[in-house]
Amino acid sequence: MDMIWETILAEFADIGDGREILRIVVRLLMAAVLGAVLGFEREHKGKSAGVRTHMLVSLGAALFVLAPSMAGADEQALSRVIQGIVAGIGFLGAGTILKGNGQDTSHVKGLTTAAGLWMTAAIGTAAGMGREATALVSTVLALLVLGTMPLLVDKAQGQAEDKREEEQTRKP
């Protein structure tokens with residue numbers, strides 16, 4: 001029985017002390033919460049990748065950089081891990097992109113969702129590396145882009161349509 005208990009303790013020996021536990025929890029929670037914020041915005045707009053997807057992407061990215069960092073990986077190794085995250089999230093993002101079928105094959109959907117997942121992975125990576133302030137600022141900026149740009153585009157398109165209508169009424 002002692003051998004079993006010692007083996008179990010040895011398996012959980014990667015966490016040295018309370019500070020390290022707190023560091024892990026803060027980084028992973030930060031990644032999950034920030035991913036949830038972006039996911040909520042997308043889900044609220046009825047998009048395919050919502051809260052759970054964004055949370056898992058952010059949390060996974062954080063864990064991918066946190067674990068090797070805790071194991072003593074050097075900067076080159078972490079760089080390769082980040083490259084893998086970027087490539088891997090590209091495959092996930094590609095799965096969210098749909099090309100219209102039928103008569104309008106030029107319409108592509110899901111690009112913003114794919115870009116949002118990519119951004120969420122980057123935010124999770126920052127949180128996992130202990131760059132919580134960077135992750136938070138990036139989340140706020142992403143929310144600004146997702147929230148304000150559609151309004152600005154709609155306004156610009158409305159002005160363009162008004163101008164076309166005005167030109168149409170002037171022509172004899």
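Summary of values
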| item | result |
| --- | --- |
| Close pairs (9 angstrom Cβ cut-off, 6 or more residues apart or separate chains): open to solvent by 80 Å² or more (accessible area, probe 1.4 Å) in segment 100-115, at pLDDT below 65 anywhere | S106/K99; S106/G100; H107/K99; H107/G100; K109/K99; K109/G100 |
| Criterion (of a type outside the set (S, T, N, Q) and farther than 22 Å from V137 by Cα) met by exactly one of G39, G35, G60, G93 | G93 |
| Of the criteria (1) assigned to a helix (DSSP H, G or I); (2) open to solvent by less than 100 Å² (accessible area, probe 1.4 Å); (3) over 14 Å from L63 (Cα atoms), which one R27 fails | (3) |
| Any hit, segment 44-57, residues being outside any helix (DSSP H, G or I) and open to solvent by less than 60 Å² (accessible area, probe 1.4 Å) | yes |
| Test: V37 is more than 17 Å from G95 (Cβ to Cβ) and in a helix (DSSP H, G or I) | yes |
| Meets criteria (open to solvent by 40 Å² or more (accessible area, probe 1.4 Å), of a type in the set (G, A, S) and without any contact (Cβ under 8 Å) to a residue 60 or more places away in the chain) for A126 | no |
| Number of the condition not met by T96 [criteria: (1) under 14 Å from the mean Cα position of the chain (by Cα); (2) under 20 Å from V26 (Cα atoms)] | (2) |
| Given (1) in a helix (DSSP H, G or I); (2) closer than 18 Å to A71 by Cα, index of the condition I15 fails | (1) |
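The values are calculated or read from the model by the stated rules, or taken from the named source; none is laboratory data. Bear in mind the structure is a predicted one, so any value in this text is a computation, not a measurement. Neighbour counts are summed over all protein chains in view; Cβ atoms, including those assigned to glycine, are modelled from backbone coordinates with ideal geometry. In case anyone asks, the SASA skips ligands and DNA or RNA and just uses the protein heavy atoms, side chains included. Shrake-Rupley method; radii C 1.70, N 1.55, O 1.52, S 1.80 Å.
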